[in-house]
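Engineer: Supplied in structure tokens, the structure appears directly below.
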Amino acid sequence: MKPDKLFTPFKIKDFTLNNRIGVAPMTRMSSSADSIPRQDVFDFLVRRAKNGASIVYTEAIVTDYESAQGYPGQARMLTQPQIDAWKPVVEKIQKAGAIAIMQMFHCGRMAWPEVNPANRSIAPSTITPKQNNPLTGEPYPVPEAMSRFDIEHVIAGFVETAKGAVEAGFDGIEIHGAHGYLINQFLSSYSNKRSDGYGGSVKNRYRFAHEVIQAVQKVIPEDRLLIVRISNWAIADMEVSLFGSKEEYQEIIRRFSGEPIDAISVSTYEYHQKAFGTDKNMAQLTREVTELPVMICGGIYDRASGEEALKDADIVLSGKSLLLNPNWVEDVRAGKVLSRYKSKDADIAYTSEPLP
Ligand SMILES: Cc1cc2nc3c(=O)[nH]c(=O)nc-3n(C[C@H](O)[C@H](O)[C@H](O)COP(=O)(O)O)c2cc1C
């Protein structure tokens, strides 16, 4: 049998990955008031590295103490104790042969104000998501439109969090520009109705992402990775296409490609689903306009789907399969018949029950 592409090495900047399989970022909501995840959550990440994943992502780390937090129990990487808590985790992931990447996010209008120390919800414009907060069942609050001060303050939060990740020893940092959170809210004309330099044309809507990337890149040493995650779907507006057209999506990808980043991570519901009324999937549409390595995620659950996804991408990320099956990488290697997990199966991630 032809060797699987899934188990061939991949070089990204100065790192050589053992295979093309990574653990997707997954929020666990396990932190207490100290914003440090529970030990079993750390152990879970280390175990996935030991069991063969070549990339291990953290959950989305909240970038400030003001308005960035979207869910209870999220973690931060802003204080020395928070950084110190992650250091041994990163070391163990690296020792197991994988690279550790910290994902960071600001939730923007997807805020749950009670869990934000400053009780604020801020966004590009005063528009709430269509659907209720899935965790509370309540409508999201109407966000305040971000002032120039807010924009600079939020960018500073991304920068400080990136510094924390560098200090903790992470190999890479990902800016979460997907799933309808703050950066995505700026990119999409659906949630960005601003009339200043941050709204209107794609170039203007892209400006906030550009400023975040540029500011973060300055504090990351040359030997670390900088990655951006993007999607055309949003948590609380499932049915909405965040980008108006294929052309608009590709213009945004071209702009990301002009940034000092090392890969683009594309998040989908279904990796093979055709997008924007074309006969191409999201990975193909991304590939068409960028030379950067492409990661793809969404509905990859066995060897066949992993191999198929790799036709259009360099790396596959798995969420639910790697969350719930500790032996997933080996099962994929063995070509085992695997079943696909449902979203509700993953709800255990948010409980205090340790995962295998
Ligand atoms: C429990 C859980 C938490 C998640 N948290 C995040 C997150 O913090 N950041 C992120 O970008 N995506 C998050 N996701 C989405 C996953 O990274 C992934 O894109 C999604 O699960 C689809 O991949 P899958 O079909 O392999 O599960 C989460 C998914 C799950 C199941």
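The values are calculated or read from the model by the stated rules, or taken from the named source; none is laboratory data. No experiment lies behind these values; they were computed from the predicted model shown. Every residue, glycine among them, receives a Cβ derived from its backbone with ideal geometry; neighbour counts consider all protein chains shown.
Engineer: Could you grab the pairs with beta carbons closer than 7 Å, sequence gap of 6+ or different chains, first residue in segment 85-113 and in a helix (DSSP H, G or I), second one modelled with pLDDT of 95 or more and surrounded by fewer than 19 Cβ atoms within 10 Å (Cβ to Cβ)?
Structural biologist: Between residues of segment 85-113 that are in a helix (DSSP H, G or I) and residues that are modelled with pLDDT of 95 or more and surrounded by fewer than 19 Cβ atoms within 10 Å (Cβ to Cβ), the close pairs are LYS87/GLY169; VAL90/GLY169; GLU91/GLY169.
Engineer: Using the structure shown, decide if ALA53 is of a type in the set (A, V, I, L, M, F, W, C), touching a residue at least 60 places away in the same chain (Cβ under 8 Å), surrounded by 18 or more Cβ atoms within 10 Å (Cβ to Cβ) and part of a strand (DSSP E or B). Write out each step before concluding.
Structural biologist: Numbers: of a type in the set (A, V, I, L, M, F, W, C): yes; touching a residue at least 60 places away in the same chain (Cβ under 8 Å): yes; surrounded by 18 or more Cβ atoms within 10 Å (Cβ to Cβ): yes; part of a strand (DSSP E or B): no.
So ALA53 does not fit the description; no.
Engineer: Next question. Kindly establish whether SER305 is free of Cβ contacts under 8 Å to residues at least 40 places away in the same chain, crowded, with 19+ Cβ neighbours inside 10 Å and not β-branched (Val, Ile, Thr).
Structural biologist: Numbers: free of Cβ contacts under 8 Å to residues at least 40 places away in the same chain: yes; crowded, with 19+ Cβ neighbours inside 10 Å: yes; not β-branched (Val, Ile, Thr): yes.
Here the answer is yes, as SER305 does meet what is asked.
Engineer: Now a separate question. Please find, within segment 19-37, the residue that is surrounded by the fewest Cβ atoms within 10 Å (Cβ to Cβ) out of those that are over 22 Å from ARG229 (Cβ atoms) and either polar (S, T, N, Q) or within 20 Å of the chain's Cα centre (by Cα) (or both). Break it down into steps so the answer makes sense when it comes.
Structural biologist: Initial filter on segment 19-37 (over 22 Å from ARG229 (Cβ atoms)): 32-34, 36.
After this cut, where a residue has to be either polar (S, T, N, Q) or within 20 Å of the chain's Cα centre (by Cα) (or both) as well, the list is 32, 36.
Details: SER32: 9, ILE36: 21.
Among those that are over 22 Å from ARG229 (Cβ atoms) and either polar (S, T, N, Q) or within 20 Å of the chain's Cα centre (by Cα) (or both), it is SER32.
Engineer: Give the residue, chosen from PRO129, PRO72, that is assigned to a loop (DSSP other than H, G, I, E, B), in contact (Cβ under 8 Å) with a residue 40 or more places away in the chain and crowded, with 19+ Cβ neighbours inside 10 Å.
Structural biologist: Values: PRO72 fails: crowded, with 19+ Cβ neighbours inside 10 Å.
Among PRO129, PRO72, only PRO129 is assigned to a loop (DSSP other than H, G, I, E, B), in contact (Cβ under 8 Å) with a residue 40 or more places away in the chain and crowded, with 19+ Cβ neighbours inside 10 Å.
Engineer: Would you confirm whether any residue within segment 335-342 is near the ligand (Cβ under 9 Å from one of its atoms), of a type in the set (A, V, I, L, M, F, W, C), in a loop (DSSP other than H, G, I, E, B) and surrounded by 13 or more Cβ atoms within 10 Å (Cβ to Cβ)?
Structural biologist: Let us first name the residues in segment 335-342 that are near the ligand (Cβ under 9 Å from one of its atoms), namely 340-341.
Retained after the next criterion (residues that are of a type in the set (A, V, I, L, M, F, W, C)): none.
No.
Engineer: Let me ask something additional. Against the conditions (1) surrounded by fewer than 17 Cβ atoms within 10 Å (Cβ to Cβ); (2) within 19 Å of ALA162 (Cβ to Cβ), where does ASP43 fall short? Just the number, please.
Structural biologist: (2)
Engineer: With respect to the numbered conditions (1) farther than 21 Å from ILE227 by Cβ; (2) touching a His at 6+ places or on another chain (Cβ under 8 Å), which one is the sole condition not fulfilled by ALA309?
Structural biologist: Checking ALA309 against (1) farther than 21 Å from ILE227 by Cβ; (2) touching a His at 6+ places or on another chain (Cβ under 8 Å), the one that fails is (1).
Okay, residues lined up against (1) surrounded by 22 or more Cβ atoms within 10 Å (Cβ to Cβ); (2) away from the ligand (no atom under 16 Å from the Cβ); (3) modelled with pLDDT of 95 or more:
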residue	(1), (2), (3)
MET146	yes, yes, yes
VAL154	yes, yes, yes
ASN192	no, yes, yes
VAL212	yes, no, yes
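For (1) away from the ligand (no atom under 12 Å from the Cβ); (2) over 21 Å from SER265 (Cα atoms), each residue gets a yes or a no:
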site: GLY22; (1), (2): no, no
site: ARG28; (1), (2): no, no
site: ARG48; (1), (2): yes, no
site: TYR71; (1), (2): no, yes
site: ARG76; (1), (2): yes, yes
site: ASP84; (1), (2): yes, yes
site: GLN103; (1), (2): no, no
site: CYS107; (1), (2): no, no
site: PRO113; (1), (2): yes, yes
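Engineer: Check off (1) buried (at least 16 other Cβ atoms within 10 Å of the Cβ); (2) closer than 30 Å to SER31 by Cβ for SER352 and give me the number that stays unchecked.
Structural biologist: Only one criterion in (1) buried (at least 16 other Cβ atoms within 10 Å of the Cβ); (2) closer than 30 Å to SER31 by Cβ is unmet by SER352, namely (1).
Engineer: What pairs can you find where one residue is in segment 160-175 and at positive phi, the other is of a type in the set (D, E, K, R), and their Cβ atoms are less than 8 Å apart, with a gap of 6+ or different chains?
Structural biologist: Going by the 8 Å Cβ cut-off, the qualifying pairs are GLY169/LYS87; GLY169/GLU91.
Engineer: Before we move on, is ILE220 of a type in the set (Val, Ile, Thr), within 17 Å of the chain's Cα centre (by Cα) and crowded, with 16+ Cβ neighbours inside 10 Å? Show your work before the answer.
Structural biologist: Working: of a type in the set (Val, Ile, Thr): yes; within 17 Å of the chain's Cα centre (by Cα): no; crowded, with 16+ Cβ neighbours inside 10 Å: yes.
Answer is no for this residue.
Engineer: Another question, then. What are the pairs with Cβ atoms under 6 angstrom where one residue, in segment 34-49, is part of a loop (DSSP other than H, G, I, E, B) and the other, located anywhere, is small (Gly, Ala, Ser)? Sequence gap at least six, or different chains.
Structural biologist: SER35/ALA75; ILE36/ALA85; PRO37/SER30; PRO37/SER31; PRO37/ALA75; ARG38/SER30
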